[in-house]
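Reviewing the structure listed below.
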Amino acid sequence: MLPPPPSWYPPPGKPANLAMSLGEYNRKRNFTKTAEPPGRPGTSASGRSFVIQKHAATRLHYDFRLELDGALKSWSVPKGPSFDPSAKRLAVAVEDHPIDYGGFEGIIPKGEYGGGTVLIWDRGTWSPVGDAAAGLAAGHLKFDMEGEKLHGRWALVRLKARPNRRGGRGGDDDRNWLLVKDRDEHARPEAELDITAARPESVVTGRDLPAIAAATDSVWHSNRGRDDVGALPGAKKTKTGLPAKHRPAAPTVARKVPSGDGWLHEIEIAGDRVVVRISGGRVRILAPDGSDRTDELAALAQAARGLPANEALIDGVLTALGPDGRTRGDVPPDVLYLLDLPFLDGYDLRATPLVERKRALAALFASAGRAPSLRFADHVVGQGAETYAAACGLGARGLVSKRADGAYGTRAKAKASRVVRCPVRAGMKGDRENGPERSSSAKKQAGKSPAGKDRGEKSAGEKSAGEKSAGEKSAGKGGQPRATPTTHRHDGRDVRVAGVKLTHPERVLYADAGLTKLDLAQYYADVADFMVPYVEDRPLTLVRSPDGFGGQQFYVRHAGVWAPRELRQFKIASGTGSGTTMIADDVAGLVALAQMNVLEIHAWNARTANLEAPDRVVFDLDPGPRVSWDVIVEGALRVRAILERLDLASFVKTTGSKGLHVVVPLEPKASWNDTIAFSRDIARALARSEPSRYSADLAKAGREDKIFIDYLRNRRGATSISIYSTRARPRASVSVPVAWDALGPDTRSDAFHVGDRAGWLERRRRDPWAGFARTRQQLLPRHLAAAAAVAAAR
């Protein structure tokens with residue numbers, strides 16, 4: 001027997017109770033025991049968010065959630081959504097969930113409510129067609145979705161309830177709906193695209209369910225709470241409450257990072273150690289000497305009030321984070337990291353193993369809401385040497401290693417808590433608050449990179465013979481960028497490239513290549529004359545990695561308050577990609593992206609001056625892992641040959657990753673529907689001609705030996721890697737234009753890198769795409785008809 005329908009669910013013919021206060025959600029949970037967020041109405045930034053969580057519980061299903069009236073209206077969809085309008089998916093209505101619930105990805109331990117693995121499969125915004133309340137009440141809600149995987153118009157249709165034994169209607173059947181895709185430009189047959197099979201990964205971390213299940217970085221202990229604290233190993237009931245004084249434990253400085261899985265490793269956070277004291281409903285933030293800092297840290301104390309504890313002592317560290325995610329000492333602290341939990345709700349946990357204390361602390365943190373100023377200091381289990389090397393390569397101050405089974409404050413011979421500082425790079429000195437800064441010796445050697453190579457760095461006012469100032473054009477033979485770096489101003493700690501100030505220019509963004517933020521900024525200044533024409537006036541999607549290649553990456557589509565002033569902002573009012581986007585119209589814009597630690601720059605196929613008329617078509621040749629380079633080249637030539645038969649000129653470039661892009665320049669006359677239909681038909685024609693070599697099916701299964709002709713780059717809002725953009729790939733590979741007659745072994749897609757640009761730019765004296773801007777051609781009805789005919793031919 002299924003549980004009763006949610007309390008918000010309206011009986012047929014009656015209005016939906018959209019003001020419902022998450023009562024069913026709260027009724028099913030005891031918040032003295034659960035660490036889940038209490039059911040309080042809230043709102044997201046858009047007010048119309050949606051999230052789909054893939055949940056491997058007793059049975060795999062997809063939790064489909066739409067934000068409405070301060071909560072997430074929720075349905076359980078066993079088979080997940082489908083782009084096929086004929087595939088009507090059962091969607092069982094369940095209780096509302098709070099907005100914060102939509103941000104969870106991780107593990108709910110078995111035996112607890114909803115036990116299993118949770119993955120954020122898709123997220124974005126939605127908008128109802130008509131009145132949402134009326135649609136729910138009528139049992140037919142139509143809406144548009146703009147997600148990272150799902151797009152277009154959808155509908156939720158309530159199934160007609162069967163009569164019950166008493167002759168009435170209702171019961172369990174009242175909960176059953178159908179999730180149906182509308183017949184629009186995004187609709188695809190299930191045989192062509194099974195979206196759940198083709199895109200199983202998380203849109204947040206890129207992990208799949210097994211990877212999340214194997215990790216321990218996010219565990220939601222939904223049944224662990226105050227009543228279970230006493231069950232923790234080593235927990236001891238206190239008789240007098242919290243101690244009057246408490247000094248946070250500090251690690252011992254060591255020279256070697258310990259090995260083995262018995263150790264937890266945390267990045268050392270530069271800042272002030274504090275103790276969060278929660279007692280009698282009051283939260284105080286204390287310095288290690290006991291002095292009270294609550295008044296000066298009122299905002300952080302307010303955030304800590306969300307922690308569901310009656311009394312607790314929590315070790316923490318105060319710091320300030322810049323827009324790039326790095327600590328900074330020139331502004332007051334605005335972030336509180338939670339490190340350890342020695343006391344909680346009447347129990348002394350100092351004898352409890354560290355790993356258990358951190359799990360309890362993580363559970364508290366998970367239920368404290370989503371205050372951006374409150375963070376949990378996560379860790380890595382084992383892999384000490386590798387973690388230390390990665391941390392130092394990313395510019396961290398050090399690595400703190402703690403025994404997983406260690407008691408709080410233990411100072412045994414094994415030194416249960418130790419810190420190993422990262423070596424100070426040549427010419428740098430450490431600063432406890434501000435991180436690395438240039439020393440006087442560094443200023444004297446400002447022309448040297450960490451690898452000892454000349455970067456052309458000069459103090460302000462200095463200029464060698466024939467040298468240009470930052471921002472001056474630097475072109476080589478044939479109009480190609482010079483292979484030598486662009487100079488920049490360096491006024492003590494003020495480093496500027498093309499007039500853009502760089503913070504932490506020494507930060508390593510590509511540790512494997514020894515490339516810093518300054519190196520990346522210089523690269524974009526060097527190629528700007530030739531890159532800007534392909535990105536200016538185009539909305540961008542960015543891949544940002546605050547800790548550089550190898551660290552966590554974020555896709556950024558819309559501007560925030562942090563957006564650099566060098567980037568132009570453009571608001572897309574509606575449709576796919578709606579929101580305030582960022583545009584790089586000049587060299588300063590490109591350098592500002594480097595300042596943001598952006599490792600990839602992807603651009604729309606249309607300019608804001610004519611957003612509904614794309615001015616290019618992109619065929620993305622994405623090879624399977626067993627496809628050789630010569631087959632990829634042959635595939636690009638096949639696409640070119642088809643286009644030439646239609647009298648359309650095309651150009652080719654590497655992607656900086658595995659494949660090639662064939663790009664067709666257009667006059668902005670055609671519609672998005674035209675470009676997606678044209679490219680889809682060409683892709684299908686090629687796949688039909690040689691199905692053993694090419695595929696037009698997004699599903700990765702079965703195409704390990706094939707090239708996927710990705711035509712989805714041509715839908716509205718889609719982007720592709722820009723010419724000359726770096727990639728978040730080893731050695732900072734670059735997407736570069738290539739002449740058709742130069743395609744061969746020396747032009748492999750990952751053959752060009754930022755660090756060796758002096759060589760490949762010198763070898764490429766003529767611009768392979770010199771004719772791109774001069775090409776005048778339109779996508780005409782005859783092209784569309786010819787492509788459709790070729791695709792339909794047997």
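Calculated FRET efficiency, residue 213 and residue 552, Cβ-Cβ r, R0 25 Å, to nearest 0.05?
FRET efficiency, residue 213 to residue 552: 0.80.
Once the range 733-778 is represented by equal point scatterers at the alpha-carbon sites, with solvent omitted, what log10 I(q)/I(0) does the Debye formula produce at q = 0.16, 0.26, 0.27, 0.34 Å⁻¹?
-0.49, -1.05, -1.10, -1.38
Going down the list 79/160; 517/571; 54/236, which pairs span over 31 Å between their C-alpha atoms?
As for pairs spanning more than 31 Å Cα to Cα, those are 54/236.
What is the calculated FRET efficiency for residue 191 to residue 60, with r their C-beta to C-beta distance and R₀ = 25 Å, to the nearest 0.05?
0.70
May I ask you to list the GluC sites (Glu not before Pro) in the range 600-634 that are in a DSSP loop and have at most 13 other Cβ atoms within 10 Å of their Cβ?
For GluC sites (Glu not before Pro) across the range 600-634 that sit outside H, G, I, E and B with at most 13 neighbouring Cβ atoms in 10 Å, the list reads 612.
Assuming 0.36 nm per residue, please report the length gained on full extension of the stretch residue 261 to residue 647 beyond their Cα-Cα distance.
Value of the extension gain: 132.7 nm.
Check each of the chymotrypsin sites (Phe, Trp or Tyr not before Pro) in the range 47-108 and keep only those in coil by DSSP with at most 15 other C-beta atoms within 10 angstrom; list them in order.
Qualifying residues, ordered by number: none.
Which ³J(HN,Hα) values, rounded to whole Hz and listed in residue order, are derived for the range 174-179 from phi using the Karplus coefficients 6.51, -1.76 and 1.60 in 6.51 cos²θ - 1.76 cosθ + 1.60 with θ = phi - 60°, glycine and proline given as x?
Computed from phi, the couplings for the range 174-179 are 4, 8, 8, 10, 10, 9 Hz.
Which of the trypsin sites (Lys or Arg not before Pro) found in the range 525-574 are in a DSSP loop and have at most 14 neighbouring Cβ atoms, other than their own, within 10 Å?
Hits after loop and neighbour filter: 565.
How many percent of Cα pairs in the range 681-721 exceed 12 Å?
Result for the distance tail: 58 percent.
Mind checking Rg over Rh on the range 516-625, alpha carbons, Kirkwood formula for Rh?
We get a ratio of 0.97 for the range 516-625.
Thinking of the range 506-571 as a set of Cα atoms, what percent of all their pairs are more than 16 Å apart?
60
For residue 606, what residues show an amide H to amide H distance below 5 Å, using hydrogens built from the backbone and excluding near sequence neighbours?
Distant-sequence amide H within range of residue 606: 615.
Taking H placed 1.01 Å from N in the peptide plane, check which residues at least 5 places from residue 572 or on another chain put their amide H under 5 Å from its amide H.
Residues meeting the criterion, in which the H sits 1.01 Å from N, are 579, 580, 581.
Cut-off 16 Å, label point 7 angstrom out along Cα-to-Cβ of residue 693: give me the residues of the range 646-671 whose amide nitrogen falls inside.
Residues passing the 16 Å test: 660.
Pop the C-beta distance of residue 571 and residue 204 into the FRET formula with R0 = 30 Å and round what comes out to the nearest 0.05.
0.75
Order of 376-388, 345-357 by packing, highest average Cβ count within 10 Å first?
Top to bottom by mean Cβ count within 10 Å: 345-357, 376-388.
So what are the ³J(HN,Hα) numbers for the range 715-725, from phi and the Karplus equation (6.51, -1.76, 1.60; θ = phi - 60°), rounded to whole Hz, Gly and Pro as x?
8, 4, x, 6, 9, 9, 4, 7, 4, 6, 6
Each residue of the range 291-297 in order: what ³J(HN,Hα) in whole Hz does its phi give by Karplus 6.51 cos²θ - 1.76 cosθ + 1.60, θ = phi - 60°, with x for Gly and Pro?
Result, ordered by residue: 5, 8, 10, 4, 4, 6, 10 Hz.
Once all Cα-Cα distances of the range 660-753 are split into 10 Å bins that start at 0, what whole-number percent is in each one?
Spelled out per bin, shortest first, that is 14, 35, 42, 10.
Between residue 529 and residue 43, what is the spin-label point distance in nm, taking each point 7 Å from the Cα along the Cα→C-beta axis?
The answer from the label model is 5.1 nm.
Length gain on complete extension for the stretch residue 773 to residue 182, per 0.36 nm per residue less the alpha carbon to alpha carbon distance?
Full extension from residue 773 to residue 182 adds 208.9 nm.
Along its principal axes, what span do the Cα atoms of the range 586-641 show, with the longest given first and each in whole Å?
Computed over the Cα atoms, the extents are 39, 30, 16 Å.
Give me the one-decimal nm value for the distance between modelled label points at residue 766 and residue 630, 7 Å along each residue's Cα-to-Cβ direction.
In this crude spin-label approximation the distance works out to 2.6 nm.
Which length gain, in nm to one decimal place, applies between residue 253 and residue 758 when the Cα-Cα distance is subtracted from 0.36 nm times their residue separation?
177.5 nm
How many percent of the accessible area of the range 744-784 is carbon or sulfur, using a 1.4 Å probe?
Carbon-and-sulfur percentage of accessible area, whole number: 50.
Treat each spin label as a single point 7 Å out from the Cα along the C-beta direction, and report the residue 494 to residue 742 distance in nm.
It works out to 4.0 nm between the two label points.
Near the amide H of residue 347, under 5 Å away, which other amide H atoms are found, from residues 5 or more places off or on another chain, if H is placed in the peptide plane?
Amide H to amide H, under 5 Å and 5 or more residues apart or across chains, residue 347 pairs with 238.
The values are calculated or read from the model by the stated rules, or taken from the named source; none is laboratory data. Computed from a predicted model, the values in this text were never measured in an experiment. Heads up, the Cβs are rebuilt from the backbone with ideal geometry, glycines too, and the neighbour counts pull from every protein chain shown. Remember, those area values only see protein heavy atoms, side chains included, never the ligands or the DNA or RNA. Shrake-Rupley method; radii C 1.70, N 1.55, O 1.52, S 1.80 Å.
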